[in-house]
Amino acid sequence: MGTNEPEVGDEDFLSPTRDQAQARALRKQLKELSGGGAGPVLQEMARELLSGRVGLREALRVPAYSEALGERIRKFRQDWEQMTPEEQEAHRRGAQEYLEAQREEIAQENRRR
């Protein structure tokens, strides 16, 4: 995203997730996608979402975005099915630890206010 472009905050993703840590994780994932590593379509989608020009539900109705997301989900599912149960459990633990880290980050920010 451009440095002068406004960016939405975690609270803008609370409605779909209803969990502040998940909202923060979603925003951070979008920041990563906005870098272009997952291709130009998801980069554009992430930039549109982060700028607030498009809402999450609206973005999912854009055929190019939904197709790119669908492909990414299919790839993830294929990779997941190739993992051993132990690898899958390690990924689950990693995801839980990541969400806990987001919760702690939020709690620290709230204590500083």
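The values are calculated or read from the model by the stated rules, or taken from the named source; none is laboratory data. Small disclaimer: the values here were computed from a predicted structure and weren't measured. Cβ coordinates were reconstructed from backbone atoms using ideal geometry, including for glycine residues, and neighbour counts include every protein chain displayed. These accessible areas exclude ligands, DNA and RNA; they are computed on the full protein's heavy atoms, side chains included. Shrake-Rupley method; radii C 1.70, N 1.55, O 1.52, S 1.80 Å.
Using a 1.4 Å probe, what is the accessible area per residue for the chain, in Å²? All intermediate terms of the calculation are to be shown ahead of the outcome.
Details: 7820 Å² over 113 residues.
Averaged over the residues of the chain, the accessible area is 69 Å².
Given Cα pairs under 8 Å that are at least 6 residues apart, what percent is the relative contact order of segment 10-111?
25
If you put +1 on each Lys and Arg Cβ and -1 on each Asp and Glu Cβ, how big is the dipole of segment 10-113 around its Cα centre, in Debye rounded to 20? Don't jump to the answer; show the numbers that get you there.
Values: 19 positive and 20 negative charges, 74 e Å.
Dipole size: approximately 360 debye.
Please work out how much accessible surface L69 shows to a 1.4 Å probe, ignoring ligands, DNA and RNA, in Å² rounded to 10.
About 40 Å², rounded to the nearest 10.
Considering only protein heavy atoms and a 1.4 Å probe, what is the carbon-and-sulfur percentage of the accessible area of the chain?
49
Pick from E67, E81, E32 the residue whose mean-square fluctuation is largest in a GNM of the chain, springs joining Cα atoms under 10 Å.
Per the Cα network of the chain with a 10 Å cutoff, E81 tops the list.
Grab the DSSP H runs of the chain that are 4 residues or longer, score each as -39,500 (n - 2.57), total them, divide by all residues and round the 222 nm result to the nearest 500 deg cm²/dmol. Provide the component values of the computation, followed by the final result.
Numbers: 6 runs with 83 residues, N = 113.
That calculation yields -23500 deg cm²/dmol at 222 nm.
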